[in-house]
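Just so it is clear, none of the values below were taken in a lab; they were calculated from the coordinates. All figures in this text were calculated on a predicted structure; none of them were measured in a lab. Cβ coordinates were reconstructed from backbone atoms using ideal geometry, including for glycine residues, and neighbour counts include every protein chain displayed.
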Ligand code: UD1
């Protein structure tokens with residue numbers, strides 16, 4: 001199994017170019033299933049999760065041309081299977097994003113229960129609630145661990161759907177399904193993440209009639225047919241936050257290019273509370289943590305525009321190194337503190353009380369053998385390793401490769417002492 005070795009790297013310095021957003025690209029690719037025409041998606045990062053989504057789509061009948069780096073041309077002249085591939089779904093929970101499009105285009109989807117990051121119970125009840133509201137029949141087969149969703153003979157019909165929690169995936173799935181439904185759909189308490197707006201923008205280019213994406217009430221007038229499009233994914237705000245924290249934890253200075261400051265406002269605000277210097281310039285976000293007394297702050301994760309749960313573990317790694325203690329409260333996921341055990345192996349001394357982690361701060365972390373327990377926890381371990389004495393050896397790095405493009409290469413380019421090794 002491959003590993004990443006990180007040595008104490010001193011202050012990082014230089015520039016990083018942010019890739020297209022993984023969490024946008026996955027639904028953008030899934031949405032192409034809804035037309036027989038060719039769609040061109042640009043700024044697609046080279047990630048394991050993107051490969052899984054491509055395979056998933058090909059199983060349904062998509063033809064993919066990805067000869068040009070960063071661009072995927074995709075067309076699905078006809079649907080040849082309506083069954084999600086079990087192995088692929090276990091590998092990546094975002095495979096679920098194909099449910100809405102398949103239901104809209106083909107009228108049926110059989111989906112095995114998903115896998116993905118091990119961050120607590122991740123039900124799909126809200127996705128299914130949405131499909132039911134659009135008139136689909138949902139049969140949950142616990143024995144075979146799969147769900148079959150079937151539209152009636154007249155297809156799907158618009159309705160008002162209230163989400164009990166603003167789930168990103170459920171909002172995206174229902175948005176896609178409703179695009180080809182008859183009549184009007186309103187999603188209330190919808191998720192407001194930038195990736196939802198990106199998806200709605202692509203769907204509107206394809207001929208959909210979606211209004212108010214990015215607010216908590218999205219209105220969709222169903223259309224009969226969608227056509228092809230050319231669409232460029234937004235930059236990855238989680239990768240942006242990760243590199244902001246890399247500058248902060250190493251007390252370095254890094255210019256982050258191709259980042260959208262409006263998408264990382266809570267991260268900017270929280271880093272400023274810690275006395276990290278941040279300038280938003282036309283070239284990018286400049287993070288400067290050199291020669292500053294950094295102090296603790298508390299974090300509470302929330303749906304967008306609150307503090308992103310995906311940056312909770314990288315931020316916690318940073319908080320272990322600043323003066324003063326912090327409370328990190330996770331409200332989005334039930335069990336997203338797996339990285340605490342790993343950070344504690346490095347001397348962080350963090351304690352967990354229910355959904356709060358108490359970070360004492362002021363620690364000189366020490367290199368250790370740690371695991372990337374999920375994608376973002378893996379990034380947190382790399383950050384911790386940059387600031388720790390000695391060598392940090394990170395295993396299970398396939399999690400990191402699921403979601404960060406050229407992670408090791410980008411870190412090396414700003415002066416990190418980091419390498420990937422294969423044990424074979
Ligand atoms: C997406 C992101 C992920 C991010 C998360 C929250 C992608 C590919 N992944 O995941 O990186 O961490 O948003 O910002 O975009 N829930 C239910 N029932 C449902 C669906 C969700 O109870 O039917 C709960 C989940 O268990 C969780 C919370 O809602 O506690 C948030 O999940 P959700 O917003 O759906 O996250 P994902 O779309 O899976």
- Item | Angle in degrees between helix 194-205 and the longest Cα principal axis of the chain, rounded to the nearest 10 | 30
- Query: Does the stretch 151-288 come out rounded, prolate or oblate, given a ≥ b ≥ c as the square roots of the eigenvalues of its C-alpha gyration tensor, rounded meaning a/c under 1.5 and, failing that, prolate meaning a/b above b/c?
  - Reply: prolate
- Given the stretch 22-232, what percent of its DSSP beta bridges are antiparallel, to the nearest 5? 75
- Query: How far is the Cα center of the stretch 163-222 from the Cα center of the stretch 307-350, in Å?
  - Reply: 32
- Throw me the Rg/Rh for the stretch 120-183, computed over C-alpha atoms with Kirkwood Rh, two decimals. 0.97
- Cα principal axis extents for the stretch 337-378, largest first, Å: 24, 23, 12
- Message: For the stretch 323-403, report the % of Cα-Cα distances exceeding 22 Å.
- Response: 22
- Note on the structure: Ranked by GNM mean-square fluctuation in the chain (Cα springs under 10 Å), the top entry among 43, 293, 310 is 293
- Message: Please compute one quarter of the surface area of the Cα convex hull for the stretch 33-150 and express it in square nanometres.
- Response: 7.5
- Between 0 and 90°, nearest 10: helix 22-31 axis offset from the chain longest Cα axis: 10
- Determine the percent antiparallel among the DSSP beta bridges restricted to the chain, to the nearest 5. 70
- Query: By how many degrees, 0 to 90 and rounded to 10, does the Cα axis of helix 168-179 deviate from the longest principal axis of the chain?
  - Reply: 20
- Query: How high is the FRET efficiency from residue 182 to residue 265, r the C-beta distance, R0 35 Å, rounded to 0.05?
  - Reply: 0.35
- Item | Residue of 47, 375, 343 that the Gaussian network model of the chain assigns the largest fluctuation, springs spanning Cα pairs under 10 Å | 47
- Task: Kindly identify the stretch 22-232 as rounded, prolate or oblate by the Cα gyration tensor criterion: order the square roots of the eigenvalues as a ≥ b ≥ c, call it rounded if a/c is under 1.5, otherwise compare a/b with b/c, prolate if a/b is larger, else oblate.
- Result: rounded
- Largest-first principal axis extents of the Cα set of the stretch 1-56 (Å): 52, 30, 13
- Assign one of three labels to the stretch 230-362, namely rounded, prolate or oblate, based on the Cα gyration tensor with a ≥ b ≥ c the square roots of its eigenvalues; rounded applies when a/c is under 1.5, prolate when it is not and a/b is larger than b/c, and oblate otherwise. oblate
- Percent antiparallel among DSSP beta bridges confined to the stretch 106-222, nearest 5, equals 80
- Item | nm² value of the averaged projected area, convex hull over the Cα atoms of the stretch 307-354 | 3.4
- Message: If each residue of separation counts as 0.36 nm, what is the full-extension length gain between residue 420 and residue 209 once their alpha-carbon separation is subtracted?
- Response: 71.4 nm
- Could you give the length gained on full extension between residue 369 and residue 3, defined as 0.36 nm per residue of separation minus the Cα-Cα distance, in nm? 130.7 nm
- Whole-percent pair-distance distribution, where bins are 10 Å wide, for the alpha carbons of the chain: 5, 23, 31, 24, 14, 4, 0
- Note on the structure: Inter-part gap, Cα centre of the stretch 1-46 to Cα centre of the stretch 135-153, in whole angstrom, is 32
- Note on the structure: Once residue 413 and residue 140 are pulled to full extension, the length gained, defined as 0.36 nm per residue separation minus their Cα-Cα distance, is 93.4 nm
